[in-house]
Structures are given as structure tokens and as C-alpha cells.
Amino acid sequence: MRSPTRVLAVDPGLTRLGLGVVEGSVGRPLHLVHVDVLRTPADLDTAKRLHRLEQGLEEAVRLHRPTVVAVERVFSQNNVRTVMGTAQASGVAMLVAARHGIDVRLHTPSEVKAAVTGSGRADKAQVAAMVVRLLRLAEAPKPVDATDALALAICQIWRGGAQNRLQQAQAQLKESVR
């Protein structure tokens, strides 16, 4: 039996950053460790907002000691300003993980939806309903950024093991060719 993975998942955003910590392994019940939303005021200087997010992520890493950090991959949106803030928050999450020597995995929103609901086109309500069911919660955490982070953590637990085995196999193949 594989030992459980503890995932700290980040749904990046400059105003609201969803943070979820879930522990589990494929085929075993999942365990909610922590869920939160880090917030920064829109009228604060961007550098100071990023610093506040970094402090919150540092605290979460020290407190929960994840084995992997999963970050939602930034995708193109119509609003460039929104995408910039999301990308900057993603970078802070990846930096904090790297500082602690923790592997970072990126997942697209479609990958997360497909892993959690079975459909990459699921809506927010379907994702939230599955997060509630899989983590045995009374209700979905609010705001939706928290639920999205938990869905991302579940995705990493269920898909991350396969990704790691594929990467190991590719590395072994490269070594055998040399």
C-alpha cells in the first residue's frame, strides 16, 4: 500500500487565493486537513499584496508540511489584468514550494474537473458537490476559491501518482538509451 500524499493546493488569485490541504492516496478515503482563503485588499500596492500571499503560503507550508504543492495552471482569459494577478499569485506559490524543496504540479481547470467529476466540462456546482461527497463535508466551503483548491488537491492525489510513475519511467528510458 502506498503511503498517503499530503497536497497543499492553490487556486491562485491576487484578491482571493484558495488554499486546500488534503491527504490521501488512490483507492483510499481522502482526508481534509485544512481549507482557507487568503485575501488581499484591491487598493493595496501589488507588491505588498504578493508579499501578504507569500507570508500566508509560508505559514501554510510550515504548518501542514505538504509532500507536493498543486497549483491551478493559469489559462488565457479576456481580462489581461485578471490573468496577470493570477499568474503573479501562481508564481508566489511556486516560489514558496521551491524554497522548501517541495515538488510543484500544475493542473488545468479541465483536468481538475475531469478528475473530480468525470467530465472536463463540469460546472462549479458539480465540482462543489463532488468535493463535498469525496471529503465527507456537510457543505461546500465558501467562497468558491476554497472549494476549487480542494478539488485541485483531490486531482493531484488521484492523478499525481500516475504522473510521477510516467516521469520515472521516462527518466529510466533516457538512462538506458545512454
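With a Förster radius of 41 Å applied to the beta-carbon distance between residue 63 and residue 123, the computed FRET efficiency rounds to 0.80.
When each of the peptides 150-156, 95-101 is scored by the mean number of other C-beta atoms lying within 10 Å of its residues, the order from highest to lowest reads 150-156, 95-101. For residue 142, a cut-off of 27 angstrom between C-alpha atoms picks up these lysines, skipping any fewer than 8 places away in its own chain: 48, 113, 124. For segment 115-152, the set of trypsin sites (Lys or Arg not before Pro) satisfying both a DSSP loop assignment and a count of at most 10 other C-beta atoms within 10 Å is given as 121, 136. Ratio of Rg to Rh for segment 36-178: 1.00 [Cα atoms; Kirkwood radius as inverse mean 1/r over pairs]. Put a plus charge on the Cβ of each Lys and Arg, a minus charge on the Cβ of each Asp and Glu, and nothing anywhere else: the dipole of the chain about its Cα centre is then about 400 debye. Stokes-Einstein diffusion coefficient for segment 34-88 at 20 °C in a medium of 1.002 mPa s, Rh from the Kirkwood formula over Cα pairs: what value in µm²/s? Calculated translational D: 166 µm²/s.
Its DSSP H runs of at least 4 residues, each contributing -39,500 (n - 2.57), put the calculated 222 nm mean residue ellipticity of the chain at -18000 deg cm²/dmol, to the nearest 500. Placing pseudo-labels 7 Å out from each Cα toward the beta carbon at residue 103 and residue 142 gives an inter-label distance of 3.7 nm. Share of Cα-Cα pairs in segment 71-119 beyond 15 Å, in percent? Of all Cα-Cα pairs in segment 71-119, 54 percent lie more than 15 Å apart.
Placing a label point 7 Å from the Cα of residue 16 along the Cα-to-Cβ direction, the residues of segment 78-119 whose backbone N falls under 15 Å from that point are 86. For segment 1-80, the spread of Cα positions along the three principal axes, ordered from largest to smallest, is 49, 30, 15 Å. In the chain, the portion of solvent-accessible area held by carbon and sulfur atoms comes to 51 percent [1.4 Å probe, whole percent, DNA, RNA and ligands not counted].
Going 7 Å from the Cα of residue 80 in the Cα-to-Cβ direction, what parts of segment 14-30 have a backbone nitrogen less than 19 Å from that spot? Correct set: 14.
The values are calculated or read from the model by the stated rules, or taken from the named source; none is laboratory data. Small disclaimer: the values here were computed from a predicted structure and weren't measured. Here the Cβ is made from the backbone with ideal geometry for all residues, glycine too, and neighbour counts use every protein chain on show. What goes into the accessible areas is simple: the full protein's heavy atoms, side chains included, and nothing from ligands, DNA or RNA. Shrake-Rupley method; radii C 1.70, N 1.55, O 1.52, S 1.80 Å.
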